[in-house]
Amino acid sequence: MTTAVIVVTAAVIERDGRFLMTRRLEGTHLAGAWEFPGGKCDPDESLTACLQRELVEELGTRSTIGREVFTVEHAYPQRTVRLHFFETTISDEPRALLGQEMRWVTRAELQTLDLPEADRGLVELLTRS
């Protein structure tokens, strides 16, 4: 039996040398892990439309989606995700609308966070000297 791949988008938002990270809520897949904000695409939704919608829903901010910086497909025991990371600029100050933790972290701090396996390749890319 082949499981459908879940398409997910995530925003790489950098400000003053720090990246915006959010923590997955209890009761969700990978609860408690830190991640780049974003979420699952709806059927027939473009990647950029998905990311813009997710940032409004989760952080209450409008955004400009830039180039895709990294893509990975990762099989977790429960599901397989295809994750598209985009350089993103936000227009408003982000607010944690879902009650999730949110913080700005340096490149060095990125390496110390409890992240989903699928995010590790991007972190390696962002933290290369």
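Each reported figure results from applying straightforward, stated rules to the coordinates on display, with no laboratory input. What you see is a predicted model; the values in this text were computed from it and never measured. Cβ atoms come from the backbone with ideal geometry, glycine included; neighbour counts cover every protein chain shown.
In the chain, with Lys and Arg counted as +1 and Asp and Glu as -1 at Cβ, which of these residues, T71, G38, T28, has the Cα nearest the positive end of the dipole, that is, farthest along it?
Of the options given, the answer is T71.
How many angstrom separate the Cα center of the range 50-73 from the Cα center of the range 80-94?
If we compute the Cα centre of each part, the gap is 3 Å.
Quick one: if you stick a label point 7 Å off each Cα along the C-beta vector at D44 and R120, how many nm between them?
That separation, rounded to one decimal, is 3.9 nm.
How long is the gain from R103 to V56 if the chain were fully straight, where each residue apart is worth 0.36 nm and the alpha carbon distance is subtracted?
That works out to 15.2 nm of additional length.
Wrap a convex hull around the Cα atoms of the range 5-127, take a quarter of its surface area, and give that in square nanometres.
Seen from a random direction, the Cα hull of the range 5-127 projects 7.0 nm² on average.
Alpha carbons only, please: Rg and Dmax for the range 1-45, in angstrom.
13.3, 46
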